[in-house]
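Asker: My structure is below; once you've seen it, I'll send some questions.
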Amino acid sequence: MKVSLNWLKRYVDIEESAAVLAHDLTMFGLNVESVETKGPDFSGVVWGKVLTCNRHPAADRLSVCTVDAGRDKPLHIVCGAPNVRAGLSVAVAEIGAVLAGGFKIKKAKLRGEVSEGMICSETELGIGDDASGIIELDFTLTPGESLDGRLGHSDILLDIEITPNRPDLLCHFGIAREIAALYNRELRFPELLKLERGEDFSIRIENGNDCPRYSAAFIDQVEIKPSPEWMQELLLAVGLKPISNIVDITNFVLMETGQPLHAFDRDRLSQDSILVRRARPDEKIVTLDGTERQLNDNVLLITDGERPQGVAGVMGGQESEINPGTKRILLESATFGPRAIRRSRQCLKMDTEASYRFEREADIGVTVEALERACWLIKETGAGQPSLHYADNLMDNSALETRRIELRVAQANRIMGTQLAADDLVELLDRLGLESREAGETVVTAVPTFRRDLKEEIDLIEETSRVYGYENIGREEERKNSLFASISVADRRNEDICFYLASRGYTEVITSSFMDPQDITRFEWSRRDPRGNPVKLENPLTISQSVMRTSLLPGMLKVIGRHPVPDREGMRIFEMAKVFLRIDDSQGLPEEQLHLCGIFTGKTAPLNWAQKQRSFDFFDMKGEMEALFRKLNNYSDIEFVRQKEREPDHICSILINNEKFAECGMIPSRIAGRYEIDLPVFYYIIFMDLFPVQGFSPTRFSYISPYPGVKRDLCVISSDRITFSDIRTVIKKSSKHLEFIRLFDYYRGDHLGEGKRSYTFRLGFRSPENTLDDKVVDGIIDRILDNLQKKLQVSLRTE
Amino acid sequence: MQSEGIDSSKLEEIEKTATSKINTAPDNESLEEVRIGFLGRKGILTLALRSIGKLPPAQRPAIGNQINAIKQRINTLIEFRKNEIADGGGDEEPYPGDPSLPGRSCWEGGPHVLHKVLREIKAIFYGMGYSLAEGPEVELDYYNFEALNFPPEHPSRDTQDTFYVNRDILLRTQTSPVQVRYMEKHKPPLRIISPGRVYRNETPDPSHAAEFLQMEGLYVDKNVSLADLRNDVTYFVHALFGSNARVRFRPHFFPFTEPSAEVDMTCFACKGEGCPICQKTGWIEIMGAGMVHPNVFKYAGYAPDSVTGFAFGMGIDRIAMLKYGIDDIRRLLNNDIRFLSQFWNGPVSEVQD
Ligand SMILES: [Zn+2]
């Protein structure tokens, strides 16, 4: 909220500069987001004191002065004003300052005397007509302090962030009350025209929750004209356009006390009464902004008993609007329930100063005072003749009672980490206008209606900490060490995997959790597929971000698609993140699964003089996965099987003990094309939750044979009904001395015969007990060939 | 001196010649020739071994060992060269003579800057005795608001624009729901951090994103105070930004903590002098914090007076932006590889080989 410094000064003395005040308020919990100077610009004009003043040796009408303006040495200034003399407080324009009319101050010589600045008059500063002499300032600052916002009609606006628990700060008086507490200064209350209860006027309220209180004052002999200049200036400063005396006064009181007022032209009401009720579905109203609005029973109305005259707490109606001919006024000062106003406001999509305050629970105790304040202003400015009686309908008398809260001294110290005594706490609370007294081990506080946010002990502890100053708490406190951390093994495993992938040349990306429903179509996921049935948002930012992702793939493809084609020469990216699948738990929340997705496109390595570049292919990807699986688990039986039902040529499931742990393949080109990618794209997705959280780690070390190993190459021919995996299994089972199997040639040429394939292996053997001699190895090879022949009809390639 | 006698330096000479011949052998035939020339029945080394008898007895074992070692090394070299020839590497020089030629390279990768910063932050808190806790991102309204002391239909909910799935389910707007979830399952004392993604229904601009990373901290014990909070937060800021950074606590409002504070640190750019980045205040807000509200303890099932505690929450994106001077939060989710790679591959301005 923007508040005017001039306006605040009506209620509390503020000697501090705007910058100091802004800092102090911020540290007091009223975060000042900006400080803005309104009016003439005085940058470079500072407060100074004339130290000496002597006649100019060469000119009778000039004086040569020394002025303390906060510099190391006093300034030497030649001045022509008749009223300049030693001891005077003056406005000094330093060299470089720009005055009214763009006049720039330069270092000058006047009849042989150097002048390092100028002592200013009102005209020179553009704040008045008096050019006869310099301004004699009647206040004291530190020499050199800026005069910004301290002269003429200029003002300073503080933009203060008001948290939703403090509706009492949505007005100048409320802020002034905090400043008084902050600096422990006296608060000046606005002047009121004392009114008596008892005007004979009917105010009916349908529901006390919607409207706990409705008070009204009455003004006759109204004379609509402009409001006084001082009021217009203050309103303009905070961004309100002056309209007429009556409207301006209601706005002024709103900004001063926080209580929204509304003035009705009493002669335009069809009945001389007020009824606050919910709207009927068939009703309409034209509000002050000229819009006709269709109503329903979520909207709370002010009616005259018959016709709607305003949307309660939001905006008045045009029918009874104040106009140049208005003679009699009904002035409304009511309290509306936050929920009722919230519903009206949401229903009609209107946000006003009034609704903002009512939604944050306006002070029920201030309605009559706000009327008295408005009546005083109306009378004082000759806007009309207020009746000395007001009407009031208060639904529940207990609403005005002050609330008593007990604050345990020990608990306050326990939370704050301080050693304050009861009377210290009383003093701190008193400064905020919270009347408190000591009662043994506790402090009892009476909370006035304007601080309804204070409900229990902890609220008072917050207030005492704030006034005591957070910065004064716990400077020497030692850290307690009763707890030690336990590192999450799963988290560490995930971090390890990410580091590992990064070192293998993958770039980690973080893509959006949102998905486009179009992605489901692009990927051809059916509704039975959990990926085709995402969690939907009721209020998404855009349609393309309206569901939660069920797969990392669309986001990853978009990353590639977003890079210009020349930059896709070699992309390997990964993300480990959550996907959201509609396998709802007992609370209706979706299952959040951690997936790891790797994506590859382009070449296997950068262009280099010493190596051939080739395109990344399926077996490059499989190699990546195999290396990764060794880090993730110690199962040996990982099977890559084609996912026949969907994409026979491209996609594999990865099974461990027949359970699907991962998926990999080439994105079908028609799908990649939908993401503007025309290169082959390979991907894998690993379901991280299915792997043991500790990752792979052996339980015991293995014995390393000290004897040399033997290598043999073996070439066999098989039919295409046999897979490599079948052959490998048979070979593995044939010898306990087998150390490795490397397939280094694979061939399926025509001259082998229809459906034939040849495999060339290099096999390594090693024994833990001795050096294997040729005879033993020959025997092993014979056994391998024998088993291959018997079990798979795979034979030695002879030619 | 013995004219045909063999000695150590002569053997070294022989090994050098053999090595060079092997490495430049263009094919298997010439390789076999080299092998026979050195290791064959009349090969240089075979003859040398035979002539060992002419040496004084004391020298024989040493020279014999040396010859055998050289034979073994030559065998290995031949084997290696055979493979090279088989790989088609036979026509390339093994060392082309200019060490300034670039090495064979592979694609380079690295962690996302956000995770890099998050890991640093986690490590600091692990060192201070915080453990890790997690919670769901699609969350119940109950944990995100109600159990955190946000009254229903209260304007304080408006300050966090929320994505809803339905009336009861939403995308968490903060990591704070983990507080109650964790306390429901664990007895005090406890000290946790909980990083994770959060969502706000805000149109993205340079300083706001609809999804970002946040990290929650929570410490609950018999007598945890505001003083302890200041202690831990100050330590953290010093650990991450250096001990010259100053920290201040400003009173603020959060429904789930009381007293509440916003925590500022001295502006990294101007060191507190005031500059456009810190809006001339010299301070930059880095987190929200406060003492856990007694109502939150009630929701978690703790007797409110039995314990006290503090909680804090910080935006990891914001901290990463502060740490590296990143101007626009949207860069962090844009995944431009040139942006990401500078955090592990050096500045973009540098020419890459
Ligand atoms: Zn700065």
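Asker: Ranked by accessible surface with a 1.4 Å probe, highest first, in what order do A:SER154, B:SER207, A:SER146 come?
Answerer: B:SER207, A:SER146, A:SER154
Asker: A further question on this structure: According to a simple spin-label model (label point 7 Å from Cα along Cα-to-Cβ), what is the distance in nm between B:GLU153 and A:GLU401?
Answerer: According to this spin-label approximation, the distance is 2.5 nm.
Asker: Could you tell me what % of all Cα pairs in region B:284-353 have separations over 21 Å?
Answerer: The calculated P(r) of region B:284-353 puts 52 percent of pairs beyond 21 Å.
Asker: A further question on this structure: How long, wide and thick is region A:267-338, going by the Cα atoms along their three principal axes, in whole angstroms, largest first?
Answerer: 33, 25, 21
Asker: Peptides A:57-64, A:568-575, A:381-388: what's the order by average Cβ count within 10 Å, highest mean first?
Answerer: A:568-575, A:381-388, A:57-64
Asker: Over 30 Å between Cα atoms, which of A:LYS622/B:LYS185; A:LYS660/A:LYS790; A:LYS455/B:LYS222 qualify?
Answerer: A:LYS622/B:LYS185; A:LYS660/A:LYS790
Asker: Ok, one more. Answer with one residue from B:SER30, B:ALA62, B:LEU45: the one whose Cα lies farthest towards the positive end of the charge dipole of region B:8-86, charges on Cβ with Lys, Arg +1 and Asp, Glu -1.
Answerer: Projecting each Cα onto the dipole axis, the largest value belongs to B:ALA62.
Asker: Another question about this same structure. With the Cα gyration tensor of region A:156-304 giving a ≥ b ≥ c as the square roots of its eigenvalues, does the rule (a/c under 1.5 for rounded; else a/b larger than b/c for prolate; else oblate) give rounded, prolate or oblate?
Answerer: Since a/c reaches 1.5 and a/b is larger than b/c, the shape of region A:156-304 is classed as prolate.
Asker: Once Lys and Arg get +1 and Asp and Glu get -1 on their Cβ, which of A:ILE415, A:GLY469, A:GLY384 lies farthest toward the positive end of the dipole of region A:362-482?
Answerer: A:GLY384
Asker: Quick one: check the C-alpha center-to-center distance for region B:223-278 versus region B:164-203, whole angstrom.
Answerer: Cα centres, region B:223-278 to region B:164-203: 22 Å.
Asker: Return the FRET efficiency for the residue pair A:ASN787, A:LYS612: r is the Cβ-Cβ distance, R0 is 35 Å, and the value is rounded to the nearest 0.05.
Answerer: Result of the calculation: an efficiency of 0.40.
Asker: Would you calculate a helix-derived [θ] at 222 nm for the protein assembly as shown, using -39,500 (n - 2.57) for each DSSP H run of n ≥ 4 and dividing by the full residue count, to the nearest 500?
Answerer: The per-residue figure over the protein assembly as shown is -8500 deg cm²/dmol.
Asker: In nm, to one decimal, how far is the modelled label at A:GLU659 from the one at A:VAL20, with both set 7 Å along Cα→Cβ?
Answerer: 7.0
Asker: Right, another one. How much FRET efficiency would the formula 1/(1 + (r/R0)^6) give for A:ASN83 and B:GLU202, where r is the Cβ-Cβ distance and R0 is 56 Å, rounded to 0.05?
Answerer: For A:ASN83 and B:GLU202, the calculated efficiency is 0.45.
Asker: A follow-up question, please. Collect residues whose amide H, placed 1.01 Å from N in the peptide plane, falls under 5 Å from the amide H of B:ILE169; neighbours closer than 5 in sequence don't count.
Answerer: Counting only residues 5 or more places away or on other chains, the set is B:ASP141.
Asker: Would you mind calculating the gained length between A:ARG582 and A:GLU353 on full extension (0.36 nm times residue separation, minus the Cα-Cα distance), in nm to one decimal?
Answerer: 78.2 nm
Asker: Please tell me the relative contact order of region A:18-79 in percent, rounded to the nearest whole number, where contacts are Cα pairs under 8 Å and at least six residues apart.
Answerer: 21
Asker: Among B:TYR143, B:ALA311, B:PHE339, which residue has its Cα positioned farthest towards the positive end of the charge dipole of chain B, with +1 placed on the Cβ of Lys and Arg, -1 on the Cβ of Asp and Glu, and the dipole taken about the Cα centre?
Answerer: Of B:TYR143, B:ALA311, B:PHE339, it is B:ALA311.
Asker: Still on this structure, please answer the following. Using only Cα atoms, locate the centre of region A:35-54 and the centre of region A:240-255, then give the distance between them in Å, rounded to an integer.
Answerer: 33
Asker: Hey, any idea what Rg/Rh is for region A:4-132, computing Rh the Kirkwood way over Cα pairs?
Answerer: Radius of gyration relative to Kirkwood radius: 1.05.
Asker: Straight-line reach from A:LYS775: which lysines have a Cα under 17 Å away, not including same-chain ones fewer than 8 places off?
Answerer: A:LYS711, A:LYS736
Asker: Sticking with this structure for a sec: Provide the descending list of Cα extents for region A:347-426 along its principal axes, expressed in whole angstroms.
Answerer: In descending order, the Cα extents are 57, 37, 28 Å.
Asker: Could you please state how large a percent of the accessible area of region B:8-86 is carbon and sulfur, counting protein chains only and using a 1.4 Å probe?
Answerer: 56
Asker: In addition: Per 5 Å bin, what percent of the C-alpha pairs of region B:8-86 does each bin hold, from zero upward?
Answerer: 3, 15, 27, 23, 15, 9, 5, 2, 1
Asker: What nm distance separates the two modelled labels at A:ASP138 and A:ARG797, each placed 7 Å from Cα along Cα→Cβ?
Answerer: Result for the modelled spin labels: 11.0 nm.
Asker: When chain B is treated as a GNM, springs tying every alpha-carbon pair under 10 Å, which of B:GLN179, B:GLN342, B:GLN59 comes out with the largest mean-square fluctuation?
Answerer: Most flexible of the set in this elastic network: B:GLN59.
Asker: Just by accessible area at a 1.4 angstrom probe, what is the order of A:ASP453, A:ASP585 from largest to smallest?
Answerer: A:ASP585, A:ASP453
Asker: Would you list, by chain and number, the lysines whose Cα falls below 24 Å from the Cα of A:LYS104, excluding same-chain residues fewer than 8 positions away?
Answerer: Partners found: A:LYS38, A:LYS49, A:LYS73.
Asker: Would you pull out the residues with amide H under 5 Å of A:SER488's amide H, same chain only if 5 or more places away, H placed 1.01 Å from N?
Answerer: Amide H neighbours of A:SER488, under 5 Å, 5+ apart: B:LEU132.
Asker: Of the candidates B:ARG230, B:ARG200, B:ARG41, which one comes out as most mobile in a Gaussian network treatment of chain B with C-alpha springs shorter than 10 Å?
Answerer: Looking only at B:ARG230, B:ARG200, B:ARG41, the largest GNM fluctuation is found for B:ARG41.
Asker: Also, quick follow-up: Using unit Cβ charges (K, R positive; D, E negative) and no other charged atoms, how large, in debye to the nearest 20, is the dipole of region A:16-71 about its Cα centre?
Answerer: The dipole magnitude comes to about 440 debye.
Asker: Using Cα pairs closer than 8 Å and at least 6 residues apart in sequence, work out the relative contact order for chain A, in percent.
Answerer: Relative contact order of chain A: 8 percent.
Asker: Using a 1.4 angstrom probe with every protein chain in place, what is the largest-first accessible-area order of A:ASP68, A:ASP750?
Answerer: Correct descending sequence by accessible area is A:ASP750, A:ASP68.
Asker: What's the center-to-center distance, using Cα atoms, between region A:481-538 and region A:333-357 in Å?
Answerer: Result: 42 Å between the Cα centres.
Asker: Another question about this same structure. Going by average Cβ density within 10 Å per residue, which order do the peptides A:439-447, A:336-344 take, highest to lowest?
Answerer: A:336-344, A:439-447
Asker: Highest GNM mean-square fluctuation, chain B, Cα pairs closer than 10 Å: which of B:ARG60, B:ARG330, B:ARG181?
Answerer: Most flexible of the set in this elastic network: B:ARG60.
Asker: Can you pull the Kirkwood radius for chain A, inverse mean 1/r over Cα pairs, to one decimal in Å?
Answerer: It works out to 35.7 Å.
Asker: Sticking with this one: Only four residue types carry charge here, +1 at the Cβ of Lys and Arg and -1 at the Cβ of Asp and Glu. Report the dipole size of region B:113-343 about the Cα centre in Debye, rounded to the nearest 20.
Answerer: It works out to roughly 700 debye.
Asker: Residues of region A:708-739 with amide nitrogen under 13 Å from the 7 Å Cα-to-Cβ point of A:GLU769?
Answerer: A:736-737
Asker: On to the next question. Once ligands and nucleic acids are excluded and a 1.4 Å probe is used, how much of A:ASP678 is accessible, expressed in Å² to the nearest 10?
Answerer: 130
Asker: Using a Debye calculation, one point per C-alpha and no hydration shell, please list log10 I(q)/I(0) for region B:113-343 at q = 0.13, 0.14 Å⁻¹ in order.
Answerer: The Cα Debye sum returns log10 ratios of -0.78, -0.91.
Asker: I've got another one for you. How big is the charge dipole of region B:8-86 about its Cα centre, in debye rounded to the nearest 20, if each Lys and Arg gets +1 on its Cβ and each Asp and Glu gets -1 on its Cβ?
Answerer: For this selection, approximately 460 debye.
Asker: Give me log10 I(q)/I(0) at q = 0.15, 0.18, 0.26, 0.27 Å⁻¹ for region A:714-783, Debye formula, one equal scatterer per alpha-carbon, no solvent.
Answerer: -0.55, -0.73, -1.20, -1.26
Asker: Holding the Cα-Cα limit at 28 Å, pick out from A:LYS603/B:LYS21; A:LYS733/A:LYS756; A:LYS732/B:LYS71; A:LYS578/B:LYS122; A:LYS631/A:LYS756 the pairs that are longer than that.
Answerer: From A:LYS603/B:LYS21; A:LYS733/A:LYS756; A:LYS732/B:LYS71; A:LYS578/B:LYS122; A:LYS631/A:LYS756, over 28 Å: A:LYS603/B:LYS21; A:LYS732/B:LYS71; A:LYS631/A:LYS756.
Asker: Less than 12 Å apart at the alpha-carbon level, and either on another chain or at least 8 residues along: which aspartates and glutamates does that give for A:LYS241?
Answerer: Cα-Cα hits under 12 Å: A:GLU233.
Asker: Oh, and also: Say R0 is 22 Å: what FRET efficiency, to the nearest 0.05, do A:ARG728 and A:LYS631 get from their beta-carbon distance?
Answerer: The computed FRET efficiency comes out at 0.50.
Asker: Next up: When only DSSP loop residues count, what trypsin sites (Lys or Arg not before Pro) in region A:688-742 have their Cβ near at most 13 other Cβ atoms within 10 Å?
Answerer: When the trypsin sites (Lys or Arg not before Pro) of region A:688-742 are filtered for loop state and at most 13 Cβ neighbours within 10 Å, A:ARG700, A:ARG721, A:LYS736 remain.
The values are calculated or read from the model by the stated rules, or taken from the named source; none is laboratory data. Worth saying up front: this structure is predicted, and the values here are computed from it rather than measured. Cβ sites come from the backbone with ideal geometry, for glycine too, and all protein chains shown count toward neighbours. For accessibility, only protein heavy atoms count, side chains too; no ligands or nucleic acids. Shrake-Rupley method; radii C 1.70, N 1.55, O 1.52, S 1.80 Å.
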